[in-house]
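Written out below as structure tokens is the structure these notes cover.
The values are calculated or read from the model by the stated rules, or taken from the named source; none is laboratory data. Given the structure is predicted, the values throughout are model-derived calculations rather than measurements. Please note: Cβ atoms are built from the backbone with ideal geometry, for glycine as well, and neighbour counts cover all protein chains shown. Ligands, DNA and RNA are stripped out before the accessible areas are found, and what is left, the full protein with its side chains, is counted by its heavy atoms. Shrake-Rupley method; radii C 1.70, N 1.55, O 1.52, S 1.80 Å.
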Amino acid sequence: MIRAVYSFITNEKRIAFFRKCDDCLRRLGGGLYVKTLGQLKYILRFRKSTQILDEKELAEGEQSFCFRYEKVPEEGYEPLVSILAVIDGDVTPECGMWDTIYRQTYGKLEVHVLEKGNSLLESGLARAKGELIWIIGKDTVCDRNFLETMVPLFRYKSVMTGLSSGKTQKSGKGLGPDASVRYITAFDLQRHLEKGSFSVPPVQGCLFRNGTDLAAIWKKNPPGSQGSDWLYSMCRRGGVVGCTEEVLYWNRIDSKKHGGQSGMETARTLAVSQSIPGIIMACYALKSGGGEIFTIYLANALKKLGAPVTFLNFGLEEEEREIADMLDSGIPLVNLRHTDDLVPVLYHLGGGIIHTHQAVVDYAVSLCLKSNPQLGKQIITLHGMYETIAREDCDRVIRTALPVCDMYAYVADKNLECFRERGKFEEEKFIKIPTGIPGGKVSKIDRNQLGIGREDFVFVLASRGIPEKGWREAIQALSRAQNDCRRRLQLVILGDGEIRESLEREAPENVHFMGTVGNVRNYFAMGDVGLLPTMYAGESCPLSVMECLMCGRPVIATDIGEIGNQLRDSQGHMAGMLLSLRQGKVDVEQLAHCMCVLAEHPAVYGQLRQAAERASEKFDIDMIAGKYLQLYRWAACDYPLGKLHRGHENEHQKEEE
């Protein structure tokens with residue numbers, strides 16, 4: 001019976017319908033729902049996460065090149081391909097390279113002609129605008145449909161490299177519609193290379209996903225080098241390698257000289273992986289939310305520092321394209337087909353560290369590692385969600401994860417309350433690491449596009465559209481403040497959610513709803529003050545406050561979680577105004593007064609704005625990523641806990657000094 005129900009509800013076409021039904025039942029059932037249907041949902045969803053690793057079955061999957069655990073993406077993938085044509089000496093019109101390029105049946109191409117040399121290859125990568133890179137030489141000749149066949153491999157954002165080798169084993173179990181297409185993780189491919197069981201194709205027979213890390217990788221092991229070193233370099237990016245037997249590359253002149261070589265000259269593993277373990281960054285969904293966006297920021301920063309990162313998206317809610325596009329293109333993105341596949345996915349991806357950021361994901365990964373501790377070490381970052389979920393759900397997650405998790409990183413002191421009240425707080429397993437955001441250029445939004453006057457005073461609120469985030473209170477306060485202010489006031493709201501539609505119908509004309517945007521900071525730079533009148537119980541260290549301060553704009557926000565500390569600069573001065581919660585609610589009159597003060601008193605506003613620029617200095621994501629790298633190394637190498645805590649204490653002391 002359970003199996004039949006499970007099969008029914010996991011059909012992808014029914015998932016959206018069941019989510020709506022689940023939301024309705026949760027609201028109607030309250031505590032009764034949590035104890036009955038809520039429990040059954042957990043049992044059905046995660047029943048396979050407790051399975052014991054079947055080494056034989058998984059090894060067979062590795063041998064047959066059948067990594068098939070991802071959601072099948074939509075058709076119609078037609079990215080720009082940048083061709084880097086590397087020449088050595090004179091190239092005549094009769095050269096086979098030109099015929100190879102211009103006879104390709106795939107049409108979205110750009111060509112950069114480079115003289116032979118690594119530095120020129122780097123400059124070519126810098127100019128390449130394409131999502132995919134193809135490097136060819138003057139003697140390259142291949143089928144007309146080479147690119148047309150290779151490009152679809154990259155529909156899966158986990159695929160970093162496409163190989164046309166003609167040497168993969170035939171199993172008929174590939175992800176693609178054609179049996180000649182195979183997918184294998186970079187981790188598994190390294191095993192094949194070490195055994196000498198994979199024939200390495202020449203670089204001209206490969207396609208690569210473009211990314212900021214590509215030039216640095218090839219600087220150490222140029223793609224023109226013989227043997228498997230260059231392919232090892234590409235495997236260091238992690239993710240998945242797509243292979244096809246359909247199109248065979250060949251070279252026009254001296255194929256022995258330029259052909260691939262089987263096996264390895266020396267058995268080795270990547271030197272860098274010895275100091276930095278492979279990291280699987282697991283997220284709940286690619287959607288708006290502080291915990292979700294910080295996960296992307298951290299992954300990008302770790303990639304910038306040279307860490308091998310793979311992003312594992314559980315996809316438990318619908319993807320928001322603007323958020324997904326924030327992930328560095330050099331980071332492989334694995335969209336998990338179903339949590340049933342979590343054990344084999346973790347095995348094949350081969351990450352030494354699995355870093356989770358959301359209660360459901362924490363729970364699922366802990367279940368896997370409880371049964372299969374050899375899959376890796378778990379790090380959990382607490383963003384405030386545990387304080388918001390039903391007590392029974394929180395009990396279940398803590399009870400399951402605490403014995404398995406190697407370390408909890410928390411962003412606000414309040415994150416520890418749910419552990420303390422249950423008698424589950426073990427001081428040595430918790431370490432405080434603040435959140436951070438990347439720097440970068442800001443392109444200020446043009447006020448005229450929104451119909452906002454040059455002299456208007458603009459407040460910007462960025463958050464999810466749920467009642468606890470204070471959208472309604474902000475609109476009410478704006479109307480009251482406008483009655484007492486001579487300047488025209490405007491409110492710009494960024495984000496989406498359940499209350500947006502109703503508020504948008506009722507709101508006055510000086511309130512602007514922009515929906516989900518990928519450039520939040522550009523709107524804060526256009527405005528004068530950030531707003532966050534939040535009443536959300538899980539509010540800990542909101543990114544929107546940091547985004548606003550990074551633009552040098554003060555913030556009016558609720559005094560909850562770490563917001564008070566966020567608004568203090570190095571000298572202890574406030575970079576905004578704090579609101580007090582009264583019986584769990586925001587005082588609209590107090591908010592309106594703060595809005596009016598900043599709009600009407602330039603001297604007060606100027607002081608807060610100067611403090612905002614200083615306060616933003618402590619949110620450097622590269623510094624935060626460095627702290628996490630230290631934590632990962634500790635978890636992977638079993639350093640003494642005291643050493644790790646002392647190291648972080650010394651860093652905090654230096655920051656205070």
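Taken together, Q490, Q571 contain a single residue that is of a type in the set (S, T, N, Q) and farther than 18 Å from M595 by Cα, which is Q571. Exactly one residue among Q274, Q226, Q204 is in a helix (DSSP H, G or I), at pLDDT below 65 and open to solvent by 20 Å² or more (accessible area, probe 1.4 Å), and that residue is Q274.
Against the numbered list (1) closer than 24 Å to D569 by Cα; (2) at pLDDT below 95, R553 comes up short only at (2). D90 satisfies every condition listed in (1) among the charged types (D, E, K, R); (2) in a helix (DSSP H, G or I); (3) modelled with pLDDT under 80 except (2). Taking the criterion of being in contact (Cβ under 8 Å) with a residue 24 or more places away in the chain, open to solvent by 70 Å² or more (accessible area, probe 1.4 Å) and farther than 18 Å from I437 by Cβ, the residues of the range 608-633 that qualify are R609, R633. Among the residues making up the range 387-403, those that are free of Cβ contacts under 8 Å to residues at least 60 places away in the same chain and open to solvent by less than 30 Å² (accessible area, probe 1.4 Å) are C394, V397, I398, T400, A401, L402. Taken across the range 547-565, residues that are touching a strand residue (DSSP E or B) at 6+ places or on another chain (Cβ under 9 Å), in a helix (DSSP H, G or I) and of a type in the set (S, T, N, Q) do not occur at all. When each of G376, G423, G384, G436 is tested for being touching a Lys or Arg at 6+ places or on another chain (Cβ under 9 Å) and on the phi > 0 side of the Ramachandran plot, the lone residue that passes is G384.
Restricting T161, T140 to those that are of a type in the set (S, T, N, Q), closer than 23 Å to T212 by Cβ, open to solvent by less than 10 Å² (accessible area, probe 1.4 Å) and modelled with pLDDT under 95 reduces the list to T161.
Could you look through the range 595-638, keep only residues that are aliphatic (A, V, I, L, M) and in contact with a Pro (Cβ under 6 Å, 6 or more places away or on another chain), and pick out the one that is nearest to T295 (Cα to Cα)?
Across the range 595-638, the extreme among qualifying residues is I621.
Looking across the range 378-403, the residues that are more than 24 Å from Y536 (Cβ to Cβ) and either within 23 Å of the chain's Cα centre (by Cα) or part of a strand (DSSP E or B) (or both) come down to Q378, I379. Mind checking which pairs have a first residue in the range 35-58 that is closer than 11 Å to T339 by Cβ and a second that is of a type in the set (D, E, K, R) and at pLDDT 70 or above, Cβ under 6 Å, 6 or more apart or different chains? Here the result reads K48/D340, each pair linking the range 35-58 to a residue that is of a type in the set (D, E, K, R) and at pLDDT 70 or above. With respect to D99, is the statement that it is open to solvent by 70 Å² or more (accessible area, probe 1.4 Å), among the acidic types (D, E) and either at pLDDT 70 or above or part of a helix (DSSP H, G or I) (or both) true? For D99, the condition - open to solvent by 70 Å² or more (accessible area, probe 1.4 Å), among the acidic types (D, E) and either at pLDDT 70 or above or part of a helix (DSSP H, G or I) (or both) - is met. With respect to the conditions (1) open to solvent by 50 Å² or more (accessible area, probe 1.4 Å); (2) at pLDDT below 95, V604 falls short on a single one, namely (2). The residues listed here are E506, E501; of these, the one that is under 22 Å from E319 (Cβ atoms) and either of a type outside the set (K, R) or out of contact with any Gly (no Cβ under 9 Å at 6 or more places or on another chain) (or both) is E501. One residue is enough: does the range 577-592 have a residue meeting the conditions surrounded by 20 or more Cβ atoms within 10 Å (Cβ to Cβ), in a helix (DSSP H, G or I), touching a Leu at 6+ places or on another chain (Cβ under 7 Å) and touching a residue at least 40 places away in the same chain (Cβ under 8 Å)? Yes, that holds for at least one residue. For the range 520-576, a residue qualifies if it is under 17 Å from G495 (Cβ atoms) and either free of Cβ contacts under 8 Å to residues at least 40 places away in the same chain or of a type in the set (S, T, N, Q) (or both), and the qualifying residues are N522, T534, S544, V545, A557, T558. Which ones in the range 404-451 are open to solvent by less than 60 Å² (accessible area, probe 1.4 Å) and in a helix (DSSP H, G or I)? Of everything in the range 404-451, those that are open to solvent by less than 60 Å² (accessible area, probe 1.4 Å) and in a helix (DSSP H, G or I) turn out to be K414, N415, L416, C418, F419, K429, R447, L450. Just so you know, in the range 512-538 the residues that are in a loop (DSSP other than H, G, I, E, B) and over 19 Å from A575 (Cα atoms) include one that is least open to solvent (accessible area, probe 1.4 Å), and it is G538.
Scanning the range 349-377 for residues that are in contact with an Asp or Glu (Cβ under 6 Å, 6 or more places away or on another chain) and either surrounded by 24 or more Cβ atoms within 10 Å (Cβ to Cβ) or assigned to a helix (DSSP H, G or I) (or both) returns a single hit, T356. The single residue among L298, L346, L302, L312 that is crowded, with 19+ Cβ neighbours inside 10 Å, more than 15 Å from the chain's Cα centre (by Cα) and not in a loop (DSSP other than H, G, I, E, B) turns out to be L346.
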